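All of the numbers you see were taken from the coordinates with simple rules; none came from a lab. For clarity, every value in this text was computed on a predicted model and none was experimentally measured. We place every Cβ from the backbone using ideal geometry, glycine too, and count neighbours over all the protein chains shown.
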There are 2 protein chains.
Amino acid sequence: MPEETPIRPAEPPKLEDVATLAGVSTATVSRCLNAPDQVAEKTRARVQDAVRTLGYAPNFGAQALAAKRTNTFGAVVPTMDNAIFAGALQAFQEELEKNGITLLVAASTYSRDLEEDKIRTLIARGADALLLIGHDRKEECYELLTRRGIPYIVTWAHDPTKPHRSVGFDNKVAMRALANKVLDLGHQRIGMITAETKENDRARGRLEGVRAAMADHGLNSADLSSVETQYTAPAGAQAFRNLMELNPRPTVVMCGNDVMAAGALRAAADMGLKVPQDVSVTGFDDIDLAEIVTPALTTIHVPDQGMGRHAARVLIAARNEDTPIEKETLETTIKWRSSLGPPPTQ
Amino acid sequence: MPEETPIRPAEPPKLEDVATLAGVSTATVSRCLNAPDQVAEKTRARVQDAVRTLGYAPNFGAQALAAKRTNTFGAVVPTMDNAIFAGALQAFQEELEKNGITLLVAASTYSRDLEEDKIRTLIARGADALLLIGHDRKEECYELLTRRGIPYIVTWAHDPTKPHRSVGFDNKVAMRALANKVLDLGHQRIGMITAETKENDRARGRLEGVRAAMADHGLNSADLSSVETQYTAPAGAQAFRNLMELNPRPTVVMCGNDVMAAGALRAAADMGLKVPQDVSVTGFDDIDLAEIVTPALTTIHVPDQGMGRHAARVLIAARNEDTPIEKETLETTIKWRSSLGPPPTQ
DNA sequence: GCGCGGAATGTAAGCGCTTACATAATTCTC
DNA sequence: GAGAATTATGTAAGCGCTTACATTCCGCGC
């Protein structure tokens, strides 16, 4: 009578199997994998052979449990489907991957409560370190992170007064520079479409940037016509229509991001307004879309990849040893394209 | 002399702490969390209190190790920064979240080798189940998955001949339907811009769909002018220009996806061609962009959210018990917008 | 009141790894 | 070439959970 051999999943090889095959102890195999230079070259070669022939891969749970480290970093971004954060995350994750770290991404959909939730989840999953967007969030989040000793870094913003690691750019400075250029062109009436500013320091900074530029040009920043709306193209379109109903109407509409600017462009086309002849439009972020729309969007290029890469390096260092809190500012640049021109000559 | 109290991270509470506080054994606490109905109501309440006051969250590694299940699913998509898969992943992940499952996403950048790599990584991370895009991939991947007994599901495609769980739509049928409508409008010369077809069954299906429609209309499908290029707007723009140099030139350009179609639209504008008066353009996917570009894109809406949600349900069921392989087909619909019109009347 | 059966709970053995510590092997010093 | 210093390896104790199995509890029929 043949042995009963039910079809069932093959068990993956374990450290012990490798150790047996290589004729060493499990400790040596473990060292080969985690601290190769502590092992004699000959032994190491033998172990590596065994690893290869067995197709061994460490069991994640066991490793995490024993080492008290998961080699997993987390990132909480406001949203995943608007391409803004994709570039940064991509670079972040590539850099992590080089170091054998896996990235877990969660979206907060621009909600503080949800963000706290996601941060907690990531911590429960054992994230070794966290990447966050902007400074605005519940104080509990920072407390929790600090209490647990989990390093984190704030990106997409810059605020020297905050006691957090950060790598980003100054939203206000960037927008102010663009607005100053706009005003230099002769525009007198700026309309602004901004994302919700309440829980979003980036949006606030951008709005303030426009105001500051107006002040720079001797204008009363209280005269700024701004519409606050959601982060979508249709919302941008609607906001644009509202702005165009003003009398006198703005000669330029500056948008807090490219998506809303694309909506504005769309609305302009639908209203028969030529951009930039009748009205100029600017964006912020320089996502792919900015080049695709007609006319192409004048916008601010943000160093997304640079932020991602740098954030990864800082966090890896912080996890491995005690590093001081550092704050890095990266440059933004103005992308001149055709949606911005001088104001119409009455 | 005061006790030395160095500042250092607080250790998170563990199961045992909860058990002590609630005055029960660790087994009971564990059961409260994983199989509540096996525990008397009074005990359960007591335990839940303890969990709450301690802010307890299970240690992921320990749980994975002991239960041989990570409550993590994986997804390997060709790319993350083109918004196509975002909707599906979003829905997939929401459905998973309801069941306490975390999603790990990896991108293969349309490379088979990289895809295999990512699949292996996900398995090593202990993914309980996997979501994949399309059927085309290395045979080793399927073998590995099967050998390990890890359930997986193929999305974004439909092929009844394949022995895999799947939820998707028939790319060929969908494109054929649109192409038939195009031909019904009177177009005689179709230009096609397709993504690389070599390792991409979705792209192939879409191309075949156009050919089939031509045959349906008594045209010789070999006469189709098609350009194969990369999945980007600039590539689409270039391909469009090439197509427009043909003589006689196509009266309609059908694109394998919306991103390339947006590029085509851009090129048309740059060339001074009016869409759809001079030439029509169609897309595929119905991403947000399709509504934003000018003119808005006639395209095929794919049931991305539906696929994501359904895939999650199927995979959860498959992980929990032995379920048979099932294949679900969802409907696509044609989105009529302004980029498609009748051919120019010579 | 006794014994029975099922429900509720406890006991304890791992899950597969890392790592402090002990031990063995090698190299160096003079 | 003996002993110290150094390097390479082995031993074994957990890491924080789950779960098979053992035990206790309780209500019930008679």
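Structure above, values below:
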{"read-out": "Cα pair distances exceeding 37 angstrom across chain B, given as percent", "value": "35 percent"}
{"read-out": "Cα gyration tensor category, rounded, prolate or oblate, for region B:115-217 with a/c compared to 1.5", "value": "prolate"}
{"read-out": "Farthest positive-ward along chain B dipole, Cα basis, beta-carbon charges - from B:Leu219, B:Leu65, B:Val252", "value": "B:Leu219"}
{"read-out": "Of the trypsin sites (Lys or Arg not before Pro) in region A:258-333, those whose Cβ has at most 13 other Cβ within 10 Å and which sit in DSSP loop", "value": "A:Lys274"}
{"read-out": "Ranked by how many other beta carbons lie within 10 Å on average, peptides A:111-120, A:236-245 from highest", "value": "A:236-245, A:111-120"}
{"read-out": "Relative contact order %, region A:76-207, counting alpha carbon pairs below 8 Å whose residues are six or more apart", "value": "19 percent"}
{"read-out": "Helical mean residue ellipticity (222 nm; -39500 (n - 2.57) per DSSP H run of 4+; nearest 500) of chain B", "value": "-13500 deg cm²/dmol"}
{"read-out": "Partner chain coverage, peptide A:289-295 - average Cβ within 10 angstrom", "value": "6"}
{"read-out": "Packing-based exposure ordering (other Cβ within 10 Å, fewest first) of A:Ile133, B:Ile101", "value": "B:Ile101, A:Ile133"}
{"read-out": "Degrees between helix B:41-54 axis and first principal axis of chain B (Cα, 0 to 90, nearest 10)", "value": "80 degrees"}
{"read-out": "Helix axis angle, B:201-216 relative to chain B longest principal axis, alpha carbon, degrees", "value": "30 degrees"}
{"read-out": "Anisotropy class of the protein assembly as shown from Cα gyration tensor, a/c 1.5 cut", "value": "oblate"}
{"read-out": "For peptides A:48-56, B:206-214, sequence by mean Cβ density within 10 Å, most packed first", "value": "B:206-214, A:48-56"}
{"read-out": "P(r) of region A:3-99 over all Cα-Cα pairs, binned every 10 Å from zero, in whole percent", "value": "13, 30, 26, 19, 11, 1"}
{"read-out": "Total charge dipole magnitude, chain B, about the Cα centre, Cβ charges on Lys, Arg, Asp, Glu only, Debye to nearest 20", "value": "300 debye"}
{"read-out": "Residue mean of other protein chain beta carbons inside 10 Å, A:85-93", "value": "2"}
{"read-out": "Residues with amide H under 5 Å from that of B:Ser225, placed H, sequence gap 5 or more", "value": "B:Ile190, B:Met192"}
{"read-out": "B:Lys138-A:Asp223 pseudo-label distance in nm [points 7 Å out on the Cα-to-Cβ vector]", "value": "6.6 nm"}
{"read-out": "Per-residue ³J(HN,Hα) for region A:133-141, Karplus 6.51 cos²θ - 1.76 cosθ + 1.60, θ = phi - 60°, Hz, x for Gly and Pro", "value": "10, x, 8, 5, 6, 4, 4, 4, 4"}
{"read-out": "Kirkwood Rh in Å, taken over region A:234-346 so that all alpha-carbon pairs contribute", "value": "15.7 Å"}
{"read-out": "Set of region B:176-210 residues, backbone N closer than 20 Å to the point 7 Å along the Cα-Cβ line of B:Thr345", "value": "B:182-189"}
{"read-out": "Ascending count of other beta-carbon atoms within 10 Å, so fewest first, for B:Lys335, A:Lys162", "value": "A:Lys162, B:Lys335"}
{"read-out": "Under Karplus coefficients 6.51, -1.76 and 1.60, residue-wise ³J(HN,Hα) of region A:224-232 in Hz, glycine/proline x", "value": "5, 8, 10, 10, 9, 8, 7, 7, 9"}
{"read-out": "Shielding by partners - mean other protein chain Cβ count within 10 Å, residues of B:48-61", "value": "3"}
{"read-out": "Exposure proxy order (Cβ contacts within 10 Å, fewest to most) of A:Tyr152, A:Tyr110", "value": "A:Tyr110, A:Tyr152"}
{"read-out": "Values of log10 I(q)/I(0), in the order q = 0.15, 0.17 Å⁻¹, for region A:58-109 under a Debye, Cα-only, solvent-free model", "value": "-0.49, -0.59"}
{"read-out": "Positive dipole terminus of region B:77-184, leading residue within B:Leu144, B:Thr79, B:Leu89 (C-beta point charges)", "value": "B:Leu144"}
{"read-out": "Two-decimal log10 I(q)/I(0) for region B:155-198, as the Debye equation yields it once each C-alpha is a single scatterer, q = 0.16, 0.23, 0.28 Å⁻¹", "value": "-0.60, -0.90, -1.04"}
